[in-house]
Structures are given as C-alpha cells and as structure tokens.
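One structure is given below, encoded as structure tokens.
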Amino acid sequence: MIGTILGIIIIIITGYTLLRILNIDIFESIVEEIPYYFATGVGCIALQMYLYSRVGIPWGWYLIAGPWLILFTSVLLFKKYSLKLLPNLKLTRVGKVFLFINITLLLFVGFESVIRPLSAWDSWSIWLLKSKIFFIDGLIKPEIFTYVESDYPLAISLTGTFIYQVIGRVDDTSVLLLFFSFYLMLGIALFFSMRKYTGSTLAMTFTFLFLATQNILRHGGRYEAGQADLALGFYFFISAVLLYRYIITKERKSLLLCNICLGITALIKNEGITFVIIAQVIIIIQVLKTKKYKDILFSLLCIVPIVDWYIYKEVINMPKNFLLISPTIYIGRIGILLKEFLKEFLDLVRWNLLWALFILTTILNLSKSRKILIFYYLLFGQLAVYFLIYLITPINPIEHLRSSLNRLLIHLAPIAIIIMAIIISNIVGKTNNKLLKKHLKKLF
Amino acid sequence: MRTINLYKKIKKNCELLILLLFLIWILFSLLRTFLNVTKVYSEERFWVNYSEVEKKIRLFGDIHIFLTLLKSKTALNDYITLYTDDKKAHYYAKYVLYPRKVKVIEIEKDKIELPIDNRIFSTYFAKSVGLTKNLKQMLKNDYELIYQYVSPGGEIGKVYIKK
C-alpha cells in the first residue's frame, strides 16, 4: 500500500515539475492544480516507459522517476513560484455539510478500492493484464498484443506497471488505489471548475451528486475499479474545461495544457481519439476566428504522440479492432438503439437522476447561454460516435450496448454535470419567484 | 402578448420542475450514500479479516483454486491449453497464469484442432460437459493425468502432461 501511494506521489511530482518547466500558472492554488499534475504525470511516466522500451533502457523505478526527481529539486531550488495551498472557499452551512459528506464518500470509496483484489473482467483481460505482463517481461514485446487480443493504447497499463515497479511486485489489490486516484482527482477538478461559474456551495453540491452516482462510485473503488473508463472521463473533462478556458480567456497557456491533456486522452482508450478530433476542430475554428495562427502549433504536442502510436501499431502489425475490420452501417438499428439509449439514461439505479435531468435541462435549454455550447459540442459529438459504434458493430447490437453503454457514459458524465450545474445556477440566480429565490439564495 | 405570457408561464413551471428534480436527486443521493457507508459495517468488515487468498476464493470461486494448483504444477515457460465451458476462466486463466502462455478453448465458441502441441493440457468444467471421443483418444495416447481437482460444487478440473 505504501509503495502504491509513493508511486502516485511520484506521478504527481512529475506533473508538477512539467507544469513548472512549461511555466503554466493558470490556477489559483496548489489544490486546484493537483488534478492537472496527476493528469500530466500519468502521461509523462507512461510515455517515458514506452520510449525506454523502444530504445532498450530498463524500467527500474529509479530510472523512470530519477530524472523527474532531479528536475523537481532544481525547480524547487531555482524557480521562484509562489502559489497558496488552498483557495479562499466561501461555503454556506449547506456547502460545509456537503464538503463533509464528500470527504466521507471519498474515504469510503478509497477504503472500498483496497479491501478486495481486482475483480473487474475488463481489467483481467486488458488493463492490468498488460500491466502484469509488462512488469514480468520488463519491456513491451510486440507479440504480446496478439496474445492479449487488444489494440488499446498503453497509458493506463504502463502506469500500472510503474506502480508495480515502485512496489517491486505485482499487487493487484493496492494498485486499485491508482484507479481511486482518478475518482478523487475528478472530484477535485469538477469542484474547482464548476466553482467559477456556479459559486462554491452549488459546485460542492454537484460534486457530491457526481461522486455519489453508483456507477461512478463502483468504477472509483467498488468492484469495477481497474478499468480505464473513469480515467478517460477525467481526461475528457479536464481537456473540455481547458478548451473552454482558452476560448473565453484566449490564454495560450490554457491551450498548451489542453493539448497535452488531449494527447494523453487518445492514449488512454481508443474512444479518446474521436474526442481529440472534435476538440481539435473546435481549436482550429477558434484560431481562424481570432487569427492567432501560431496557437495551432500547440496541437503538435497532442498529435505527435498519437501519430507515433498509430505508426507503431501498424509497424508491429497489431490486431485490428473488431469494429474496424469491415465497417458497415446498419441504419435499421436506429429505432431500437434510441430506445436502448433512453433505457440506459433512465436507469436510476446506475445513474440516479443524472441523465434524466440532463435531458430535461437540454431540451428546455433554459439557460440560453452560449457559454456552455463548447461543452455541448464535445458531449454530443462524442455521444454520436458511441451511437455510430452500435450502428456498425458486427456482434448483436443490443447485447453489445447493454454490456458497454454504461461504461461509455462514464466518459461523458462529468461534462454533463458541469452543463447542468451552470444551467441550474442560472435558474437559481434568475428565477422570478421571489419566495423561491430567497430560499435558494440562502441554500446556495 | 398572450403568447409571451404563456411562454413565461411554461418557462416558470419548467424551472420549478427542474429545481424539484434537482432536490429529489440530492435526497436520493444522500440516502444512497448513507446506505453505502453503512455497508462498511454490514458487509465490508468481514473482508478486513480475510487473507488475500481467501478473498480471491470468495470472489472467484473454484476456478481460482484450480488455477493456483495448475500454476504450482507447471513451469514458468510452459505453454498450456485450457479446455473449458466456463467463460470466466478464459481471461482469468491468462491473467493468473502469466508468464505461462495459455491457449483457451471455449467449448461453446471455439473448435478444437487436434493434435494439441502444448506440453500441458488442462480441462475445467463448470457444467459437466464431457470430452469428445477424439479428445479422449488423444489424451489417452499422448498425455498423462497428473492432477485432478473436484470441488464441493461439482466443478472438475484436470491437468495432463505430454508423455
């Protein structure tokens, strides 16, 4: 357990070092920045291990973490950077109650994540199977992809291997803390991102609603931990927030960090690549509008590792994803798929009222705010891709959908939450009912 | 003018509906969180006292015991064929047994192609599906039974080694 925690700390230190070297100082406090340290740290460590394997450098944890620790020390010594640890949080009594509940929930899920060994199927067959194989082999052997029968990217599996390197053995119980970390970081990122648009108390309430959603909680630590869906949801969310920030503020640093996160997003799961394409289209449109053409160069940071990965896949002749072997669109499935999607959205056991309320607020479009359009573009663009997957799947689409849609929606749930938070915040602020307004203002 | 008033009325009602659902959502989530946290006492406290092996047996059942035994009977560089009717066994065997390479043949899904090259041949039946005639003959001619596992639940696992 201590080894795993140490591994996660090294990941965070790596991200911190990278952000300081790149001089990215767009946040108010260290706590607000931590999710971004973690996000970039995972990408750096995974990419480093991938490159080490390609050029034949062994994977001792000190060889991976060593350069970062030296840079970290140099940054601390030579780079003046003062940032307060905590931001000024103005919470109402309700907000304080939700803060307490959120902390309780995080402790509960953290405890759940390490009480049982890995039991999620997808992790046995893909994510932590690869971590175990890479750890035992000490490098990435191309033939292993045929054995594992998976063409998924390696960022999550290599981070698992890094944790094993730090522990010194395969421990498929304590490694689940890594997956809990994504849950924790997503909670922190959600709160601080929403806070700017909704106020602290409402942001704390929505963070609670998200963290308490049964499907999210299960992937954070209870039985389903070990899969990459929550991690992908985390990267989708922070990339979306950074992209939004860039569009509003035109800060280059936001775009730079956004592109780094997008690059990692595509290396988490195959589904990440379509999200990256949608985001890059939005970036290109924005650059054309503002005529800041140099900004487009940051996209290279995102595109280069992705292109390299796809070339590597071709070179080693990695087995193709079953969806892409002979894609045919079966239009006749549209009706039944819409029905199944709706069923999943209204599954209250898994999602509580998350998607039901999202659909309602979207249909009514009460906010009429152009502010949140970017989030809608990203969410609906990606949702359309998921719909397309079930239109082309060669296996029974209903069986395929029932076994996977609940995981795909995890990727989009954080973005849906921030959209709802902004809309409900507008309602709370602008409602015409005086009595209601008085009570809501007291609460939030 | 009437249309505008009607629109305002609908909008106001919709806002109220959304706020009502939002509050119901909070209440449901609070209740759910309370139930989840109480599980620490009602369900999870038992897990704290189990060893790692006991936990795995509780979670995965006999297949875990069988694979642990198979692991102990084989070398790290062995190639193993696992003939099974248990879907769970497919990926779990690959996960547990690595670095041994496992070729899994799922009875309902895959066709078995004889002869088998791998040094170790193992069978694991959760639903008592027997061996085909050809397979029985091959095992009799080329392999020797080295271990048999029978669980209280009736699952049967056998390990054969090439003569």
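A straight Cα-to-Cα reach below 16 Å connects A:K289 with the aspartates and glutamates A:E251, residues fewer than 8 places away in its own chain not being considered. 3J(HN,Hα) along the stretch A:281-295: 4, 4, 4, 4, 4, 5, 5, 5, 5, 8, 6, 8, 5, 5, 4 Hz, from the Karplus curve 6.51 cos²θ - 1.76 cosθ + 1.60 with θ = phi - 60°, whole Hz, x for Gly and Pro. If you run the Gaussian network model on chain A, springs between alpha carbon atoms under 10 Å, then out of A:G15, A:G332, A:G138 the most flexible one is A:G332. Applying both filters, DSSP loop and at most 16 other Cβ atoms within 10 Å, to the chymotrypsin sites (Phe, Trp or Tyr not before Pro) of the stretch A:59-122 gives A:Y81.
Summary of packing: across the peptides B:35-48, A:217-230, the per-residue average of other C-beta atoms within 10 Å ranks them, highest first, as A:217-230, B:35-48.
A straight Cα-to-Cα reach below 24 Å connects B:K8 with the lysines A:K368, A:K371, A:K430, A:K434, A:K437, A:K438, A:K441, residues fewer than 8 places away in its own chain not being considered.
Which of the helices in chain B meet the span-like rule: DSSP H, Cα axial reach of 24 Å or more, Kyte-Doolittle mean at least 0.5?
Sorted by number, the helices that extend far enough and score high enough are B:2-39.
Taking a straight line from the alpha carbon of B:K163, these lysines sit under 20 Å away, with near neighbours fewer than eight places off in the same chain left out: B:K71, B:K73, B:K101, B:K103, B:K133, B:K136, B:K140.
Loop-located chymotrypsin sites (Phe, Trp or Tyr not before Pro) in the stretch A:143-218 (DSSP state other than H, G, I, E, B) with a sparse environment of at most 14 neighbouring Cβ atoms within 10 Å are absent. Put a dot 7 Å past the Cα of A:T290, heading toward its Cβ, do the same for A:K79, and the two dots end up 2.2 nm apart.
Just list whichever of A:K313/B:K111; B:K56/B:K127; A:K90/B:K12 have alpha carbons separated by over 25 Å in the model shown. Could the numbers behind the result be given before it?
Numbers: A:K313/B:K111 29 Å; B:K56/B:K127 21 Å; A:K90/B:K12 29 Å.
The answer is A:K313/B:K111; A:K90/B:K12.
Projected label points at A:L364 and B:F34, each 7 Å from Cα along the beta carbon direction, are separated by 2.7 nanometres. Sorting B:T33, A:T4, A:T14 from the fewest to the most surrounding beta carbons within 10 angstrom yields B:T33, A:T4, A:T14. Restriction of the trypsin sites (Lys or Arg not before Pro) in the stretch B:49-137 to DSSP coil positions whose beta-carbon has at most 12 other beta-carbons within 10 angstrom yields B:K109, B:K111, B:K127. Per-residue mean of foreign Cβ neighbours for A:108-121 is 4 (Cβ atoms of other chains, 10 Å radius). Taking the DSSP beta bridges with both ends in the protein assembly as shown, the antiparallel portion is around 50 percent. In the protein assembly as shown, taking the dipole from charged Cβ atoms about the Cα centre, the farthest positive-side position among A:G160, A:T274, A:S82 is held by A:S82.
Going from the fewest other Cβ atoms within 10 Å to the most, the residues A:V166, A:V307, A:V315 appear in the order A:V315, A:V307, A:V166.
Annotation: amide H of B:V104 within the under-5 Å range of B:L82, sequence separation 5 or more or interchain, hydrogens built in the peptide plane.
Bear in mind these aren't lab numbers, they're just calculated from the coordinates by the rules spelled out. Every value quoted in this text rests on a predicted model; they were computed, and no experiment measured them. Cβ: placed from backbone, ideal geometry, glycine included. Neighbour counts: every protein chain shown.
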